[in-house]
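Since the structure comes first, as structure tokens, the remarks are kept for the end.
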Amino acid sequence: MAAAQPLDTTIGVVTPENIAFEYQLAGPFRRLPAYLIDLAVRWGVILLIGAIILMIAGTLSFLSTFYGPLAQAFILVAIFLINWFYGTICEAYFNGRTIGKWMCGIRVIEVDGRPVSPRSALLRNLLRIADMAPVAAINTWDPDVPPIYLIPTGIIGLVSMMMTERMQRLGDLAAGTMVVVDERKWQLPIAKVDDARVAALASYVPGDYRVSRKMARTLATYVERRHFLTPQRRREVARHLTDPLIERFEFRHDIDPDLLMYALYYRTFLTDSSAEPADLGPLAGYSPLAKDANKPGGLADAGVNDASEAFGEQPASQATPTSDILSESRPGTENRSPLSSSAAAVVEPAAAPNVAPNVDGGSGG
Amino acid sequence: MNVAKLLEDRRKQWNELERLCDAMELRGRADSAGAGHRGPAGIVRFASLYRSACADLALADAYQLPPNTVAYLHRLVARAHHQLYRTRSAQPGRWIRILLEEAPQRIFEDACVRVAALVFFGLFALAMVMGAAEDQFPEFAERVCGSKMLEATSESFEQPLAVNPDEYSARAAFYIKHNTGIGLQCFAYGILLIPCLFTLAYNAVVLGATFGYMSRDGIEGADNFFQFVTAHGPFELTAIALSAGAGLRLGMGLFYTRGMSRVDSMREAGHRAVPIMAAAAVMFVLAAFTEGFLSPSGAPYIFKVGWAIVSSGLITLYFVILGFPRSESTDHSVIRTVRYADLAPLPGARGGAESPQKVSATERDPGKRTSMPVGGGSRAT
């Protein structure tokens, strides 16, 4: 079955190294601020150059009347060059970025992933004026002003961006370029597992169970996202996947689905298949298997209400070896297991371990 | 497999690649990233780091790396890719070749330039005749341009041309900014076809009507007016037609794709239009300098006429001599496409090679036809 193309703004590019990597396209809402910054920079530069030329010409004009018109000439040519060729020059020399694009974190590249060539940069910047069409007149709002068509609305460019696959305006289409997001956030994310129960549960997953590619992807996505969910939601989301797995592994039915997902993640990504069995510590001798449910595990008769204290500050050492430090705190439930549903079950990689989550969360879910 | 361990191993190299990218993004070179990254050794190191990151990305799927890590690798490789394959800076030699080799060839062969030139000069001549023929078309010029503007034009040329030489540079700069700007605008609007044609026709008619009005009998300042416009006319009028032609080429690429996808067609048209526009821009600048320095000066008329003739000759040489299609042009693909009609064998060859096959085909056909009913009949019985 062919993988469906994700319905988002990424675009794949094949490099000369025969690697296909993905870019995120920049849409109108990233490009407009860049354009406005560029506009401000452009006129700022023009004013600066104008001021400098006028100052120089002012000092020289004592010598001859020749310099006044010459300064005027320089200013006019500067306005012309900067207004028409600012984008071209910036993009050609700064590797596809203008100052506004640099501040907004976007970059122009050719559609085949190469850097933008000077010719393409020239074409796409010259054609900006067509993308800015149609122009609106000022006297739409103020009838006293003569009808000068000054205000670009950019509707043509916007329509073109919405209708093309790579969000290109007409200038981009003609030049064969596209604008991509050039991220500057660099962090390498990998979820850490601090929970002893995860390794314990993972060791009970049958050895012949192989995680499929799709399942691995799902597990990784789930574990990366689970900090953003409340315990109840985690269980609700995970249950869809784990219910059939619990059947298949012949686990007890009150296993926390979230924990099982986490254990599968641990088994898939964080252990070597040849590694020695995990050190189960206080959890040794306990089994999540359904057939072992009635075996004396020491859990069924242990106190349940001190679960949060046991888990939070004083871990297993002070409790009985097979204490229910991790078990559900709902009173009246038989066959409690350390691996069953509990909000306090899994330590967040981000959260400090001694911040004990709500223990009663389990009863609600 | 232990992904955490794998990532920990690879992370050192990825971090190094990131540091190199940081340094290169800031300064364009990797020298500041460390002693080991200076000079050729640094380049080699960067290349090998980049290749290994590429390999990691290629294997990410096989390793079943978590999606976040894959996204990180995509960004890292993209970032290094941008630093490795940088924009080649525009070399002046390349642009000279575009102007002297590519542009005239394109102009010569491009139908859009012809259309634009026809529209511009045709309307210009028509408007000029209509503006001059006061009896047949009374008030044509006044209606087109407005009598106020025409009077102002004629008034401004009442005095003999003698602008203070100090002013020349400012005037030239003004014409560069104004006229080249109009040309570039005409080019850009060409992608939408209609605005470009409108701008072109509007300029042609207004200019033509003004010329016609000034060439009527008894208009004051007519001599000075024609003295003024003679010198820069050839360059400027040709440049307007050229920039509109380049723009029309773009627009045609968008609307008439000749069997290509629309995007490809536009890209190709854009590629072809840039040299024409570059030639037009150069002509605009030449015209502006003429208009700023020579036209308003008190130089004798014969000199201005001489310059107009020389510039017309230069344009003709440029279009015809440099633009004439060359047989050794490497621009065309080696693989040629042939129409099906051309593939048909010559009349003489038909009797030898073609007919036996045809005969055998017709021989076989009746046989089939006759055998079919027989087969059907035998089955029926």
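The values are calculated or read from the model by the stated rules, or taken from the named source; none is laboratory data. Because the structure is a prediction, the values reported are computed rather than measured. Here the Cβ is made from the backbone with ideal geometry for all residues, glycine too, and neighbour counts use every protein chain on show.
For the range A:59-89, enumerate the residues that are small (Gly, Ala, Ser) and at pLDDT below 80.
Narrowing the range A:59-89 to residues small (Gly, Ala, Ser): A:61, A:64, A:68, A:71, A:73, A:78, A:87.
Within the range A:59-89, A:SER61, A:SER64, A:GLY68 meet the criteria.
How about the range B:132-173: which of its residues are part of a helix (DSSP H, G or I) and in contact with an Asp or Glu (Cβ under 9 Å, 6 or more places away or on another chain)? So that I can check it myself, show each step before the final result.
Filtering the range B:132-173 down to residues part of a helix (DSSP H, G or I) leaves B:132, B:140-145, B:147-156, B:165-173.
Hits for the range B:132-173 are B:PHE140, B:ALA141, B:SER147, B:LEU150, B:SER154, B:GLU155, B:ARG171, B:ALA172.
Out of all the residues in the range B:137-158, is one or more touching a residue at least 60 places away in the same chain (Cβ under 8 Å), on the phi > 0 side of the Ramachandran plot and either of a type in the set (A, V, I, L, M) or surrounded by 21 or more Cβ atoms within 10 Å (Cβ to Cβ) (or both)?
Checked the range B:137-158: no residue is touching a residue at least 60 places away in the same chain (Cβ under 8 Å), on the phi > 0 side of the Ramachandran plot and either of a type in the set (A, V, I, L, M) or surrounded by 21 or more Cβ atoms within 10 Å (Cβ to Cβ) (or both).
Go through the range B:242-262 residue by residue and tally those that are over 15 Å from the mean Cα position of the chain (by Cα) and of a type in the set (A, V, I, L, M, F, W, C). Steps first, answer last, please.
Looking only at the range B:242-262, we keep the residues that are over 15 Å from the mean Cα position of the chain (by Cα), and these are B:255-262.
Then keep just the ones that are of a type in the set (A, V, I, L, M, F, W, C); that gives B:255, B:260.
Counting residues in the range B:242-262 that are over 15 Å from the mean Cα position of the chain (by Cα) and of a type in the set (A, V, I, L, M, F, W, C) gives 2.
Is the range B:246-263 home to any residue that is surrounded by 22 or more Cβ atoms within 10 Å (Cβ to Cβ), farther than 22 Å from A:ASP172 by Cβ and assigned by TED's automatic domain parsing to the domain that holds B:ALA308?
Taking every residue of the range B:246-263 in turn, none turns out to be surrounded by 22 or more Cβ atoms within 10 Å (Cβ to Cβ), farther than 22 Å from A:ASP172 by Cβ and assigned by TED's automatic domain parsing to the domain that holds B:ALA308.
B:ARG216 is checked against (1) in a loop (DSSP other than H, G, I, E, B); (2) of a type in the set (D, E, K, R); (3) more than 29 Å from B:GLN159 (Cα to Cα) and fails just one. What number does that condition carry?
Of the numbered conditions (1) in a loop (DSSP other than H, G, I, E, B); (2) of a type in the set (D, E, K, R); (3) more than 29 Å from B:GLN159 (Cα to Cα), the odd one out for B:ARG216 is (3).
Restricting attention to the range A:62-73, does a residue exist that is within 13 Å of another protein chain (Cβ to nearest Cβ), more than 30 Å from B:GLY183 (Cβ to Cβ), in contact (Cβ under 8 Å) with a residue 24 or more places away in the chain and assigned to a loop (DSSP other than H, G, I, E, B)?
Scanning the range A:62-73 turns up no residue that is within 13 Å of another protein chain (Cβ to nearest Cβ), more than 30 Å from B:GLY183 (Cβ to Cβ), in contact (Cβ under 8 Å) with a residue 24 or more places away in the chain and assigned to a loop (DSSP other than H, G, I, E, B).
Checking the conditions here, which among B:GLY36, B:GLY42 is at pLDDT below 80 and either in contact with a Cys (Cβ under 7 Å, 6 or more places away or on another chain) or more than 9 Å from every other protein chain (Cβ to nearest Cβ) (or both)? Even if it seems obvious, please write down each step before you answer.
Values: B:GLY42 fails: at pLDDT below 80.
One residue alone meets the criteria, B:GLY36.
Which of the residues spanning the range B:54-69 are within 9 Å of chain A (Cβ to nearest Cβ), of a type outside the set (D, E, K, R) and assigned to a helix (DSSP H, G or I)? Give the derivation first.
Initially, the range B:54-69 is screened for residues within 9 Å of chain A (Cβ to nearest Cβ), giving B:54-55, B:57-58, B:61, B:64-69.
Next cut, of a type outside the set (D, E, K, R) only: B:54-55, B:57-58, B:64-69.
B:CYS54, B:ALA55, B:LEU57, B:ALA58, B:PRO67, B:ASN68, B:THR69 - these are the residues of the range B:54-69 that are within 9 Å of chain A (Cβ to nearest Cβ), of a type outside the set (D, E, K, R) and assigned to a helix (DSSP H, G or I).
Anything in the range A:37-55 that is among the aliphatic types (A, V, I, L, M) and touching a helix residue (DSSP H, G or I) at 6+ places or on another chain (Cβ under 7 Å)? List them, or say none.
A:ILE37, A:VAL41, A:VAL45, A:ILE46, A:ILE49, A:ILE53, A:LEU54, listed by residue number.
For the range B:255-276, what are the residues that are within 19 Å of B:LEU200 (Cα to Cα) and within 10 Å of another protein chain (Cβ to nearest Cβ)?
If the condition is that a residue be within 19 Å of B:LEU200 (Cα to Cα) and within 10 Å of another protein chain (Cβ to nearest Cβ), then B:ALA273, B:VAL274 are the ones that fit.
Only residues that are away from chain B (no Cβ under 11 Å) and among the hydroxyl-bearing types (Ser, Thr, Tyr): list them for the range A:95-120, please. Show your work before the answer.
Within the range A:95-120, the first condition is being away from chain B (no Cβ under 11 Å), and the residues that meet it are A:98-101, A:103-106.
If the condition is that a residue be away from chain B (no Cβ under 11 Å) and among the hydroxyl-bearing types (Ser, Thr, Tyr), then A:THR98 is the only one that fits.
So, A:ALA92, is that one closer than 30 Å to A:GLY58 by Cβ, assigned to a helix (DSSP H, G or I), facing chain B (nearest Cβ under 9 Å) and at pLDDT below 90 or not? Step through it out loud before you land on a result.
Numbers: closer than 30 Å to A:GLY58 by Cβ: no; assigned to a helix (DSSP H, G or I): yes; facing chain B (nearest Cβ under 9 Å): yes; at pLDDT below 90: yes.
Taking the combined requirement at face value, the residue does not satisfy it.
Which of the residues spanning the range A:98-118 are closer than 14 Å to B:ALA78 by Cβ and among the charged types (D, E, K, R)? Quick ask: steps written out before the conclusion?
So the first thing to find is which residues in the range A:98-118 are closer than 14 Å to B:ALA78 by Cβ, and the list is A:105-110, A:112-115.
Once the filter is applied, which keeps residues that are closer than 14 Å to B:ALA78 by Cβ and among the charged types (D, E, K, R), the range A:98-118 yields A:ARG107, A:GLU110, A:ASP112, A:ARG114.
Which of the residues belonging to the range B:191-212 are more than 14 Å from B:LEU126 (Cβ to Cβ) and assigned to a helix (DSSP H, G or I)? Show your work before the answer.
Initially, the range B:191-212 is screened for residues more than 14 Å from B:LEU126 (Cβ to Cβ), giving B:191-199.
Once the filter is applied, which keeps residues that are more than 14 Å from B:LEU126 (Cβ to Cβ) and assigned to a helix (DSSP H, G or I), the range B:191-212 yields B:ILE191, B:LEU192, B:ILE194, B:PRO195, B:CYS196, B:LEU197, B:PHE198, B:THR199.
Kindly indicate whether B:ALA308 is within 14 Å of chain A (Cβ to nearest Cβ), under 30 Å from B:THR230 (Cα atoms), modelled with pLDDT of 90 or more and in a helix (DSSP H, G or I).
Working: within 14 Å of chain A (Cβ to nearest Cβ): no; under 30 Å from B:THR230 (Cα atoms): yes; modelled with pLDDT of 90 or more: yes; in a helix (DSSP H, G or I): yes.
It is false that B:ALA308 is within 14 Å of chain A (Cβ to nearest Cβ), under 30 Å from B:THR230 (Cα atoms), modelled with pLDDT of 90 or more and in a helix (DSSP H, G or I).
Collect the residues in the range A:61-103 that are more than 19 Å from A:ARG114 (Cβ to Cβ) and of a type in the set (S, T, N, Q), keeping them in residue-number order.
Correct list: A:SER61, A:SER64, A:THR65, A:GLN72, A:ASN83.
If you take the residues of the range A:206-231 that are more than 9 Å from chain B (Cβ to nearest Cβ) and hydrophobic (A, V, I, L, M, F, W, C), which of them is farthest from A:LEU245 (Cα to Cα)? Spell out the reasoning first.
Applying the first criterion (more than 9 Å from chain B (Cβ to nearest Cβ)) to the range A:206-231 yields A:206-210, A:212, A:214-215, A:218, A:222, A:225-231.
Retained after the next criterion (residues that are hydrophobic (A, V, I, L, M, F, W, C)): A:215, A:228-229.
Values: A:MET215: 12, A:PHE228: 24, A:LEU229: 22 Å.
Per the criteria, the residue is A:PHE228.
Going through the range A:150-176 one residue at a time, which ones are within 24 Å of the chain's Cα centre (by Cα) and not in a loop (DSSP other than H, G, I, E, B)?
Within the range A:150-176, A:MET161, A:MET162 qualify.
Please list, ordered by residue number, the helices (runs of 4 or more DSSP H) wholly in the range A:178-270 having 3 or more residues that are within 27 Å of A:GLY12 (Cα to Cα) and modelled with pLDDT of 80 or more. First the steps, then the outcome.
Numbers: elements: A:196-202, A:213-225, A:231-249, A:257-265.
Per the criteria, A:213-225.
One line per residue, one yes/no per condition, for (1) in contact with a strand residue (DSSP E or B) (Cβ under 9 Å, 6 or more places away or on another chain); (2) among the acidic types (Asp, Glu); (3) crowded, with 17+ Cβ neighbours inside 10 Å; (4) modelled with pLDDT under 75:
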position	(1), (2), (3), (4)
B:MET1	no, no, no, yes
B:ASN15	no, no, no, no
B:ASP31	no, yes, no, yes
B:ARG51	no, no, no, no
B:LEU59	no, no, no, no
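Please give the number of the condition B:LYS177 fails out of (1) crowded, with 17+ Cβ neighbours inside 10 Å; (2) touching a residue at least 40 places away in the same chain (Cβ under 8 Å); (3) within 9 Å of another protein chain (Cβ to nearest Cβ).
So the condition that B:LYS177 fails would be (2).
Quick one: would you say B:ARG97 is surrounded by 16 or more Cβ atoms within 10 Å (Cβ to Cβ) and over 22 Å from B:PRO195 (Cα atoms)? Break it down into steps so the answer makes sense when it comes.
Details: surrounded by 16 or more Cβ atoms within 10 Å (Cβ to Cβ): no; over 22 Å from B:PRO195 (Cα atoms): yes.
For B:ARG97, the condition - surrounded by 16 or more Cβ atoms within 10 Å (Cβ to Cβ) and over 22 Å from B:PRO195 (Cα atoms) - is not met.
Quick check: anything in the range B:115-124 crowded, with 21+ Cβ neighbours inside 10 Å and either more than 20 Å from the chain's Cα centre (by Cα) or closer than 18 Å to B:ASN15 by Cβ (or both)? Spell out the reasoning first.
We begin by selecting, within the range B:115-124, every residue crowded, with 21+ Cβ neighbours inside 10 Å; these are B:116, B:120, B:124.
Subsequent filtering for residues that are either more than 20 Å from the chain's Cα centre (by Cα) or closer than 18 Å to B:ASN15 by Cβ (or both) retains B:124.
Yes.
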